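Student: Please see the structure below; I have some questions.
Just so it is clear, none of the values below were taken in a lab; they were calculated from the coordinates. Keep in mind that this is a model prediction, so the values were computed, not measured. Every residue, glycine as well, gets a Cβ built from its backbone with ideal geometry; the counts of neighbours run over all protein chains shown.
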Amino acid sequence: LGRRLNSALQSVSASSSIDEQALDAVLKSVCAALLESDVNVLLVKRTRERVKKLVLPQLEQIQAKQGTEHDAMAGNKAKQLIHKAIFDELVALVDPGDDAPPAFNPVKGKTQVIMMVGLQGAGKTTTCTKLATHYQRRGLKVALVCADTFRAGAFDQLKQNATRAKVPFFGSYTETDPVAISLQGVQKFRSERFDVIIVDTSGRHRQESELFDEMCQIQDAVEPDMTVLVLDGAIGQAAEAQSQAFKEASDFGAIIVTKLDGHAKGGGAISAVAATHTPIIFIGTGEHLHDLEKFSPRPFISKMLGMGDMAGLVERAQEMAMANPERQENMMKKLEKGEFTVRDLKEQMQTIMNMGPLSNLTSMIPGMGALMGGDTEAEAAKRMKRIAFIFDSMTTEELDSDGALFRDATPAASGKGKGKGKDKGTVATTGGAKGAKGKAVATPKGAAASDSDSD
Ligand code: GDP
Ligand code: MG
């Protein structure tokens, strides 16, 4: 979608005179892109009408002045106008506005139950663990309950994910009543004073009515503070009907859209928000634990249009700092005093590595996604790991030094990576790695045609 919209907007920048005809042409191609991305037909039509109604009178004003101003200046103004109007309208599409339920922010010190609903394969089980990890990082005590007794292997999947994420879980191989299991699990973790209990449910039944019946029964039993609809980002035009059906049955208060990393056309997500007046709270951007991003309308749209998401990046960094506030504060003090050691560098790098896949981070930095190109993500991650190994092989003395002894090392004498202690091997390896890092950042990979973040 991003690519199509971008080229539509670029065609505005290319044409010199902007009149009603030019506006229509741009809107036509923007709408085609939206439709192709599975945004609901009526929504697209409404967007087009709104932009036109908004822009046209101002366009006429600009044109009336064209005799007095430089044509180029008038043209630029018109382009900005159209650009802004389209941006605002797209934001409005994913922003449910004032009638949306208030934001849900679990707090420490009381038990809050979150129930996940959605069709089989939407990504509920995966997202449960991602969400648990997210809240855990914020210092909350989180547990998972598996209430999917319909699909064989559902409990094993949750168990595996939870174990990997070090999140306590509850489920059963023998109990077949999902209501009983969820109630037991929630009661158990409630009595153990967990802050957040996430209940994973089943997504498929022989009949839709059975699924909705079960969902309502579990809801009545565990009384969730928040019900979350998990929606497959690739669902397309079916999103509207599906989200509406779930809304009527479960009255969910938030949406998480998954699989926005692949070739998913995010348009379904947009339609679901519009159909249910419910905000998207997170998006899933991969199969791994950390592939969960906080959603907010403006950054989502600007990222879609390829403008980067600095706010998201800052938030991610703050999150990491919050996970270990003392360490971060110590670091700041040290920096102020100019006492930054190799060990500090190592810790900072670890923090960055913990922030999740590099591609997620680079796509938040304007222009960075293009710079990284297609397959360099894996290389960059590998490079980071290599540097981490080098740090691990350093002596205490080296780690606590200011790194001055490495500065004279010649990058050409690249080491074999496992230099031990204070010998020259370690020194040379560090120099070599530094060189490699610098090179990768400075090498633009040309047009990042296959960049996944623009979808
Ligand atoms: P459930 O049936 O709703 O519980 O769905 P699952 O959590 O089992 O997920 C179904 C499939 O989608 C699994 O293979 C997941 O790895 C995959 N999946 C879930 N979320 C994402 C995502 O954000 N990105 C990608 N690429 N795959 C995802
Ligand atoms: Mg599942």
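Student: Please rank T133, T351, fewest neighbouring Cβ atoms within 10 Å first, as an exposure proxy.
Tutor: T351, T133
Student: Return the whole-Å distance between the Cα centroid of region 387-406 and the Cα centroid of region 185-223.
Tutor: Rounded to whole Å, the Cα centres lie 50 Å apart.
Student: Give me the number: length gained by fully extending Q207 to Q80, i.e. 0.36 nm times residue separation minus the C-alpha to C-alpha distance, one decimal in nm. Show your work: numbers first, answer last.
Tutor: Details: separation 127, 0.36 × 127 = 45.72 nm, distance 5.10 nm.
My answer for the length gained is 40.6 nm.
Student: While we're here: So what's region 90-203 giving for Rg/Rh, alpha carbon basis, Kirkwood Rh from the mean inverse pair distance?
Tutor: Using Cα coordinates only, the ratio equals 1.01.
Student: Further question on the same structure: 7 Å from Cα along Cα→Cβ at both E175 and E223: what's the point-to-point distance in nm?
Tutor: Here the modelled spin labels are 1.9 nm apart.
Student: Skipping prolines and chain starts, which residues have an amide H placed within reach, meaning under 5 Å, of the one on F170, given they are 5 or more residues away or on another chain?
Tutor: The answer is L144, V145, C146.
Student: To continue, here is another question. How far apart, in nm, are two points set 7 Å out from the Cα along the Cα-to-Cβ line at E379 and at A241?
Tutor: 4.7
Student: A further question follows. Which ³J(HN,Hα) values, rounded to whole Hz and listed in residue order, are derived for region 383-395 from phi using the Karplus coefficients 6.51, -1.76 and 1.60 in 6.51 cos²θ - 1.76 cosθ + 1.60 with θ = phi - 60°, glycine and proline given as x?
Tutor: So the J values, rounded to whole Hz, are 4, 4, 4, 4, 4, 4, 4, 4, 4, 5, 8, 7, 7.
Student: Additional query: Students often get this wrong, so check it: of K77/K259; K141/K346; K141/K247, which have C-alpha atoms separated by over 32 Å?
Tutor: Correct reply: K77/K259.
Student: Let me ask something else about it. Once you have the Cα-Cα distance between A25 and R343, take 0.36 nm times their residue separation minus that, and quote the gain in nm to one decimal.
Tutor: On the way: separation 318, 0.36 × 318 = 114.48 nm, distance 5.74 nm.
Stretched fully, the A25-R343 segment lengthens by 108.7 nm.
Student: For an R0 of 35 angstrom, estimate the FRET efficiency from the Cβ-Cβ distance between K333 and A388 and round to the nearest 0.05.
Tutor: So the FRET efficiency works out to roughly 0.90.
Student: Related question: For region 45-61, take each phi angle, set θ = phi - 60°, evaluate the Karplus expression 6.51 cos²θ - 1.76 cosθ + 1.60, and give the result in whole Hz per residue in order, putting x for glycine and proline.
Tutor: Using θ = phi - 60°, the values come out as 4, 5, 4, 4, 5, 5, 4, 5, 4, 6, 7, 4, x, 5, 4, 5, 4 Hz.
Student: Test of understanding: ordering D402, D98 by Cβ neighbours within 10 Å, fewest first, what list do you get?
Tutor: The order, fewest Cβ neighbours first, is D98, D402.
Student: Sticking with this one: Quick query: amide H of V113 versus all other amide H atoms, modeled in the peptide plane; which residues come in under 5 Å with a sequence gap of 5 or more or a different chain?
Tutor: Excluding prolines and chain starts, which carry no amide H, the hits are I197, D225, M226.
Student: Could I ask something else about it? Output wanted: per-residue J couplings in Hz (rounded whole) for region 179-184, from phi through Karplus 6.51 cos²θ - 1.76 cosθ + 1.60, θ = phi - 60°, x for Gly and Pro.
Tutor: The phi angles translate into 5, 4, 4, 5, 5, 4 Hz.
Student: What is the spin-label model distance, in nm, from E248 to Q157 if the labels are put 7 Å beyond Cα along the C-beta direction?
Tutor: Modelled inter-label distance: 2.7 nm.
Student: Turning to a different aspect of this structure: Rank the residues I62, I255, I181, I281 as a footprinting-exposure proxy: fewest other Cβ atoms within 10 Å of their Cβ go first.
Tutor: If I rank by nearby Cβ atoms, fewest first, I get I62, I281, I181, I255.
Student: Within region 144-190, which trypsin sites (Lys or Arg not before Pro) sit in a loop by DSSP and count at most 16 neighbouring Cβ atoms inside 10 Å?
Tutor: R151, K166
Student: Still on this model: Computed FRET efficiency, Cβ-Cβ of R164 and K52, R0 41 Å: what is it to the nearest 0.05?
Tutor: On the way: r = 51 Å, r/R0 = 1.24.
Efficiency for this residue pair is about 0.20.
Student: Next question. Among I281, P299, I114, which residue has its Cα positioned farthest towards the positive end of the charge dipole of region 112-307, with +1 placed on the Cβ of Lys and Arg, -1 on the Cβ of Asp and Glu, and the dipole taken about the Cα centre?
Tutor: The listed residue farthest towards the positive side: P299.
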